[in-house]
Amino acid sequence: MEELIGKVDIGIFDSGIGGITVLRELMKSVPTGVRFHYFGDTARVPYGSKPPSEIKKYVHQVFDFFRSLSVEAIVTACNTSDSILSKEEKKSLEVPFFSIIDPVTEALKNDLPINSSVAIIGTRNTIKRSLYLKKLIGSDNICRISQKACPLFVPLVEEGVWEGTLAETIVRYYLRGIKRFAPDYLILGCTHYPFLLKPIKTYLGEDVKVVDPAEYVAREFKAWIENQQNDVDSTVVFYVTGEVVSFTESLKMMGFDNAKIDSVKHVDISSLEEALWQTR
């Protein structure tokens, strides 16, 4: 394991495989000097329709887990968690916390052309909290804004159904109103949704520009870590609360480079609840 010496340990988490879309952007932006610890709470996915108090409990268990690994920063790859956690909870962490929502909303407020129309899609909790809407609605550049919850998108992605008739049918079902709204920009307010990019773009048409928040959090993270990098290739350790084999198969479906994967480890939920960490 000598090749890991000197790497910066970074925690990144999601309810399932959706956060891999963020991980890929991070590894693209920071290809050296980092050991990512990806936590996928696959046994308790989806978060999007669960009570906020329950999600907060799960997320604080993940934070405790990351403390046991002595990570130097935490990246949330879960819009639902990001929208539910308070500013105080994020600031109370001993390490920097990178929001998935803040970087993209700040950039869009300043960079969108005048009279732009924007639509946001996300889980029930993300849309109910309306954090994207609240952060964007005051922008002088945005003339119209709409949002829509798409609760079946996450289970669809977790099942590996990313294209084909079923995916296209569910995309049409949820996005009919968005299509009538005819936005200039569509924000993918859940990290699972980029897996459905093909049916989404096919249905809405090329005139709608799709915005993936993963690109924006990766830029912010790169700016933060730039002076801490070395020349050793970045790697990943995966931790999942559900089935290891199916998660590994999903990684293969995504064309993930096996050379960058240290391992996929199972984390027992009971150990999460008891905060008994024996991961190293």
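The values are calculated or read from the model by the stated rules, or taken from the named source; none is laboratory data. All of these numbers come straight from a predicted model, not from anything done at the bench. With ideal geometry, Cβ positions are generated from the backbone for all residues, glycine too; neighbour counts draw on all protein chains shown. Side chains are part of the model used for accessible areas, which takes the heavy atoms of the whole protein and leaves out ligands, DNA and RNA. Shrake-Rupley method; radii C 1.70, N 1.55, O 1.52, S 1.80 Å.
Observations on the model:
- Ranking by accessible area, most exposed first, for ASP233, ASP207, ASP14, ASP102 with a 1.4 Å probe: ASP207, ASP233, ASP102, ASP14
- The range 69-148 versus the range 162-233: alpha-carbon centroid distance in Å: 14
- The listed residues LYS128, LYS201 rank as LYS128, LYS201 when sorted by accessible area, largest first, using a 1.4 Å probe.
- Proximal lysines to LYS50, defined as alpha-carbon separation beneath 26 angstrom and excluding residues fewer than eight positions away on the same chain: LYS87, LYS90, LYS91, LYS128, LYS134, LYS135, LYS148, LYS265
- Distance (nanometres) between label positions extended 7 Å along Cα→Cβ at TYR173 and SER146: 1.9
- Solvent-accessible area, 1.4 Å probe, carbon plus sulfur percent, for the range 9-120: 50
- Each label was represented as a point 7 Å from its Cα along the Cα-to-Cβ direction; for GLU106 and ARG180 these points are 3.7 nm apart.
- Taking label positions 7 Å along the Cα-Cβ direction at both GLU54 and TRP224, the computed distance is 2.9 nm, reported to one decimal.
- Largest first, the three principal axis extents of the alpha carbons in the range 133-280 are 52, 41, 33 Å in whole numbers.
- A 1.4 Å probe run over the chain, with the rest of the protein chains in place, finds 44 Å² accessible per residue.
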